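Enquirer: Mind looking over this structure? Questions follow.
The values are calculated or read from the model by the stated rules, or taken from the named source; none is laboratory data. On a predicted model such as this, the values are computed, not experimentally measured, just so you know. All Cβ positions, even for glycine, are placed from backbone atoms using ideal geometry, and neighbour counts span all protein chains on display. Accessible surface areas use protein heavy atoms only, side chains included; no ligands, DNA or RNA. Shrake-Rupley method; radii C 1.70, N 1.55, O 1.52, S 1.80 Å.
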Amino acid sequence: MSDPITLNVGGKLYTTSLATLTSFPDSMLGAMFSGKIPTKKDSQGNCFIDRDGKVFRYILNFLRTSHLDLPEDFQEMGLLRREADFYQVQPLIEALQEKEVELSKAEKNAMLNITLKQRVQTVHFTVREAPQIYSLSSSSMEVFNANIFSTSCLFLKLLGSKLFYCSNGNLSSITSHLQDPNHLTLDWVANVEGLPEEEYTKQNLKRLWVVPANKQINSFQVFVEEVLKIALSDGFCIDSSHPHALDFMNNKIIRLIRYR
């Protein structure tokens, strides 16, 4: 067994063996650690590689086992592919190509299910009538909730690129709220007549917009219309067997399917 070698890859430390690093002699790592390409050192004397440290674990594991092991919810395939190309581990590049074909086939057939809820809430706010004169006012507002599930992670990303929250006067993509690749929950409010703009920020009331149409979504009817446009353009169609027609017409449940 060779002595352990510690690598500093983009600030993350990994410890492995020379045999592992040179397991594919024709790769960049094989050339670096066989002496064909000079290596850099960090301040601690570790071999330094200025690349992404997070995904290097998958490359190192492939060097150890010659098998590509990725978590089911892995979301950085593009980054890993670029890193594999940099290190020129050809069997890993081929394994990634096979994996992407596999994922592409799995994405072709998909299901989309959306459950919608709506309620009325009273909001209280102050209105400035004159300098130093304020009055307390209240108004009813529509509060919406959409629980979205899809077997297609790519579709949820597409949906996330079209829908934006309006908060603090700025639009932010709902993609940043996509913690589960197959599930997304949206909560927003309709415009409230007479409610000052700063009150939306104070009371953490988010509104929902669709782009590039730059249309604010103030009702479930508009929400359903916009989601249907996006879903139908991506190959989905309405599931005739579910849900019940009344639930669909009343904007309670939407279920779409895609066969390719």
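Enquirer: When the Debye formula is applied to the Cα atoms of the chain, each taken as the same point scatterer, what base-10 log of I(q)/I(0) results at q = 0.09, 0.13 Å⁻¹?
Expert: -0.63, -0.90
Enquirer: Can you give the accessible area of residue 164, probe radius 1.4 Å, in Å² rounded to 10?
Expert: So the heavy atoms of residue 164 present about 40 Å² to solvent.
Enquirer: Does anyone have the angle between helix 90-108 and the longest principal axis of the chain? Alpha-carbon axes, 0 to 90°, nearest 10?
Expert: Computed tilt is about 20 degrees.
Enquirer: If amide hydrogens are placed 1.01 Å from N in the peptide plane, which non-local residues have theirs closer than 5 Å to the one on residue 51?
Expert: It is 10, by chain and number.
Enquirer: How far, in degrees from 0 to 90, does helix 56-65 lean away from the longest principal axis of the Cα atoms of the chain, to the nearest 10?
Expert: Between helix and principal axis, roughly 50 degrees.
Enquirer: Taking the Cα centre as origin and putting +1 on Lys and Arg beta-carbons and -1 on Asp and Glu beta-carbons, what dipole magnitude results for the chain, to the nearest 20 debye? Show your work: numbers first, answer last.
Expert: Working: 27 positive and 29 negative charges, 19 e Å.
Roughly 100 debye, rounded to the nearest 20.
Enquirer: Let me ask something additional. Express the C-alpha Rg of the stretch 143-207 as a ratio against the empirical globular expectation 2.2 N^0.38 Å, rounded to two decimals.
Expert: 1.22
Enquirer: Let me check I've understood the local charge: for residue 256, count other residues with C-beta under 10 angstrom from its C-beta, Lys and Arg +1, Asp and Glu -1. What total comes out?
Expert: Details: positive: 255, 258; negative: 234, 239.
Residues close to residue 256 contribute a combined charge of 0.
Enquirer: Once you wrap a convex hull around the alpha carbon atoms of the stretch 83-188, what is its projected area averaged over all directions, in nm²?
Expert: Averaged projected area of the stretch 83-188's Cα convex hull equals 11.1 nm².
Enquirer: Would you mind telling me the share, in percent, of accessible area of the chain contributed by carbon and sulfur at probe 1.4 angstrom?
Expert: On the way: 7510 of 14890 Å².
Reported share for carbon and sulfur atoms: 50 percent.
Enquirer: Take the Cα pairs of the stretch 1-135, get the Kirkwood Rh, then feed it into Stokes-Einstein at 20 °C and 1.002 mPa s and tell me D in µm²/s.
Expert: Result for D is 115 µm²/s.
Enquirer: Sticking with this one: Starting at the first residue of the stretch 233-238, write each ³J(HN,Hα) from the Karplus equation 6.51 cos²θ - 1.76 cosθ + 1.60 with θ = phi - 60°, in whole Hz, x for Gly and Pro.
Expert: Each residue's phi maps through the Karplus curve to give 5, 9, x, 7, 9, 6 Hz.
Enquirer: Another question, if that's okay. If you roll a 1.4 Å probe over the heavy atoms of the protein chains, what accessible area per residue do you get for the chain, in Å²?
Expert: 57
Enquirer: In deg cm²/dmol, rounded to 500, what helix-only [θ] at 222 nm does the chain give when every DSSP H run of at least 4 residues adds -39500 (n - 2.57) and the total is split over its residues?
Expert: Here the helix-only value at 222 nm equals -9000 deg cm²/dmol.
Enquirer: Say we join alpha carbon atoms closer than 10 Å with springs in a Gaussian network model of the chain; which of 62, 155, 223 then has the biggest fluctuation?
Expert: 62
Enquirer: Now, a different point. Can you list the lysines whose alpha carbon sits under 24 Å from that of residue 206, skipping same-chain ones fewer than 8 residues off?
Expert: 117, 157, 162, 215, 229, 252
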